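First up is the structure itself, then whatever we jot down about it.
The values are calculated or read from the model by the stated rules, or taken from the named source; none is laboratory data. In this text, all values refer to a predicted model and were calculated from it rather than measured experimentally. Here the Cβ positions follow ideal geometry from the backbone for every residue, glycine too, while neighbour counts run over all protein chains shown. The accessibility values were calculated without ligands, DNA or RNA, using every heavy atom of the protein model including side chains. Shrake-Rupley method; radii C 1.70, N 1.55, O 1.52, S 1.80 Å.
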Amino acid sequence: MTGLPLWFVERQQLEAAEITKRPMPNDRPGIALVGCGGIGKFDGSNASAFGDILAVCDVDASHAAKAAERFTVEGRVPAIYHDFRKLMERDDIHVIVNSTPDHWHTLVNIAAARAHKDVYAQKPLTLTVDEGRHVIQAVRDNGIVLQTGTQQRSSQRFRLACELVRNGRIGKLQRAHVFLPAGLHGGPFPTSPVPEGLDWDFWQGQAPAHEFVKERCHQNFRFWYDYSGGTMTDWGAHHNDIAYWAIGLVAPTHVEARHFSEPIPGGYSAFSEYEVNYTYANGVRLQINTTKDDSIYGEHLNPKGQQNGIRFEGTDGWIWVNRDEITANDRELLRRPLPEGAERLYLSKNHMGNFFDCVRSRQLPICDVETGHRSATVCHLGAIALRTGKALTWDPTQEKFTGEHAPEANSYLVREMRKPYDYSFVS
């Protein structure tokens, strides 16, 4: 079953009719796009339906130029910036779309907050758990709206799955099983001259300095721990966020992991094929598997051999959901309406639209800064368990590891930022 049940669609139409917008003096806010690669131009296109892109910024001059050309409207060319801090000074820019690589998310978000600009922030919200607390504080201190770009929260299939799970439609939830695509595994890679127009030092930012390797930069940055967390924080940031939404607890209490292939020295450093297992205080288990090689894991538990998605398993049945479909062991689980008084989750039909609605209303968006931080934390815990190879105990309240192996694991919660690209860079 790929469609949504009629009862769910009808209820959403009624709820949507109740949502009102508060007009603002300028109903076309000024937007700056920071990070103009493929995802950046995609996010910019979505944002341009709700505001005017007045500026673009990238440390790769070719990316910035292409974005400026793309977002030129009726001869009005967006201003091009190399340093995002400069565009923060403009009073006519109200919104920042932050589509930089993961290791730049935090400093751009904090700079925007301190400049009192609202932010659409690409996922994962941060590179480390500690950075999340800094971003939350900046958002709260300056009263801005921040939407984390985990857009599956605005997908009706995922919302339906989570509402059904939260309301006991499959009985007591026992396990959420997430399937992620495997990462890249390759190397060693040779160095090469820095491409013309790319400020390689600025691109590396807080990360340790390296000679230029094209596989480190742009679209493949996700497979290096210097800049990201592999598929665990890429696709994992989406699916683990939905598991977090359905489970309803802020974080697990235990995590352990194993990997199935060692990174090649001089090659991609993030583990490409792995399994991660979490346990929550209520006994629910969250299991993550990559799915590149079926022989590693044996028979898949997801239907139709899907390469990514989430299977929720309860005492009375299961629900499978991804971006293409929602199905269950018994279709009646989906067809039967939830009763009056059932728990309802935040309604958003358009993730970027929800953000701009909240820019106007000053309400919390569907994936606000705290939600984005908690979602990213689940991913970071998995990456840390993979990197340590240890079974770990997590305190969700103190946001630190406790017990055996805690000192080693806690060392991954924060990392030294290479100067000058530390917090003082945006002070």
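Among 205-212, 180-187, 329-336, 377-384, how do they line up by average Cβ neighbours within 10 Å per residue, starting with the highest? Can you show the working numbers first?
Numbers: 205-212: 15.8, 180-187: 18.8, 329-336: 14.1, 377-384: 26.9.
Per-residue mean Cβ counts within 10 Å order the peptides as 377-384, 180-187, 205-212, 329-336.
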Taking Cα pairs closer than 8 Å and at least 6 residues apart, the relative contact order of the stretch 57-117 in percent is 29
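Output the relative contact order of the stretch 178-301, whole-number percent, from Cα pairs under 8 angstrom with separation of 6+ residues.
Numbers: 182 pairs, mean separation 41.0, N = 124.
Dividing the mean separation by the residue count of the stretch 178-301 yields 33 percent.
Using 1/(1 + (r/R0)^6) with R0 = 22 angstrom and r between the beta carbons of LYS390 and ILE264, what's the FRET efficiency to the nearest 0.05?
Details: r = 23 Å, r/R0 = 1.05.
Given R0 = 22 Å and the Cβ-Cβ separation, E is 0.45.
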Here the convex hull volume per residue of the chain, taken over Cα atoms and given in Å³, is 147
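Mind checking the per residue accessible area of the chain for me, 1.4 Å probe, whole number of Å²?
On the way: 17510 Å² over 427 residues.
Solvent-accessible surface per residue comes out at 41 Å².
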log10 I(q)/I(0) for the stretch 92-155, Debye formula on C-alpha points only (no solvent), q = 0.26 Å⁻¹, two decimals, reads -1.12
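What Kirkwood hydrodynamic radius, in Å, does the stretch 171-299 give when the mean of 1/r is taken over all pairs of distinct Cα atoms and then inverted? Walk me through the numbers on the way to the answer.
Working: mean 1/r = 0.0609 Å⁻¹.
Averaging 1/r across every pair of different Cα atoms and inverting gives 16.4 Å.
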With all protein chains present and a 1.4 Å probe, the order of SER62, SER424 from largest accessible area down is SER424, SER62
Probe 1.4 Å, all chains present, heavy atoms only: SER45 accessible area in Å², nearest 10, is 40
In nm, the gap between the two label points placed 7 Å beyond Cα toward Cβ at ALA342 and LYS214 is 5.3
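Tell me the carbon and sulfur percent of the accessible area for the chain, rounded to whole percent, probe radius 1.4 Å. Don't skip to the end; give the middle numbers.
Details: 8830 of 17510 Å².
Here carbon and sulfur together make up 50 percent of the probe-accessible area.
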With N residues in the stretch 359-415, Rg(alpha-carbon) / (2.2 N^0.38 Å) equals 1.41
Set LYS41/LYS123; LYS123/LYS400; LYS86/LYS117, cut-off 19 Å on Cα-Cα distance; pairs above it are LYS123/LYS400
For the chain the mean separation of alpha carbon contacts under 8 Å (6+ apart) over residue count, i.e. relative contact order in percent, is 21
What the Cα atoms of the stretch 37-89 span along the principal axes, largest first and in whole Å, is 25, 24, 18
Between VAL414 and LEU249, the FRET efficiency computed from the C-beta separation at R0 = 22 Å comes out, to the nearest 0.05, as 0.40
In the chain, whole DSSP H helices that both stretch 20 Å or further along their axis by alpha carbon positions and average at least 0.0 on the Kyte-Doolittle scale are 369-388
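Once you sort the root eigenvalues of the Cα gyration tensor of the stretch 110-245 as a ≥ b ≥ c, which label holds: rounded (a/c under 1.5), prolate (a/b larger than b/c) or oblate (the other case)? Walk me through the intermediate numbers first.
Details: a/c = 2.86, a/b = 1.44, b/c = 1.98.
Cα axes put the stretch 110-245 in the oblate bin.
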